[in-house]
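For reference, the structure is listed below as structure tokens.
Nothing in this text is a laboratory measurement; each read-out follows from the coordinates by a stated rule. As the structure is a prediction and not an experimental result, all values here were calculated from the model.
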Amino acid sequence: MERAKRVFVRTGKAGPDGPSFAGPTSGAMEVAEEERYRQLWKWDWATVRTRLGRRLSPDMPKGTLLKLARIGAWFVLVGLILGVISGGIFIGPFGAYIKKPPRAPMDCEPDDGIILVRPSPGYRAPNFVGRLPDGTVVSLDDCAGLPTVLVFFRTSSAPSIAHMPAVDRLYREGKGQCYVMAIAVFDREDDVGRCGGANDWSVPMIADTRGEIAQAYDITALPTTFIIDAHRVIRDLRIGTMTYAELERALKTSY
């Protein structure tokens, strides 16, 4: 029974009478036509080698081309590894080299302008804004121009209470030479004011009620003391109680 549906397939090759189309086929004729179309669309390796301009023998097997492709892939891989080691991206033996931007060093001169902000020695100290018990708003930027001693403590911590007299003495005797500021972690302003009055401390103390400043400085133990130079770069970091002499020696590293 003749098929009612007509199937037309373009072979892409012109015959003697123009483009060839497949007409109605059935049985063995249909199979023969499909095989002929498959042969027409079969990949012609000789044509590919000619178009790529490769002077290879016509009888070169496909495995040789695969080996050449693998060699090229190894060149690219080795180039990428060398590029990563040298701080850039190197693609192949004759490819392009892309240099990555330099990283900021851990410690550099203030005039370089590329010091990162991080609560560690050699990095720029994070800025903060706080309020003293009398309502005065202060920030770390207000201490620009002189070294700063930044102390994190807590009014209910015995080591912090033992540490604060040396800090208060440094504040009184170092006026005009350095700034001294204390951050009371998780303390209320009323508690900070009462503690300062009871111990006769005159050092400026900020009540970090929510611990936001302590979080910015990654505080894990109290007391913690930061020595910051005039350019707001951290020069030293000490954890634990310090004497007045130890504070003076640490402060000398910031001049």
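Residue by residue, what Karplus-based ³J(HN,Hα) values in Hz, rounded to whole numbers, does the range 141-149 have, using 6.51, -1.76 and 1.60 with θ = phi - 60° and x for Gly and Pro?
Couplings: 5, 5, 9, 5, x, 9, x, 10, 9 Hz.
Whose amide H sits under 5 Å from the amide H of Ile183, counting only residues 5 or more places off or on another chain, with H placed in the peptide plane?
Val151, Phe152, Phe153, Ile206
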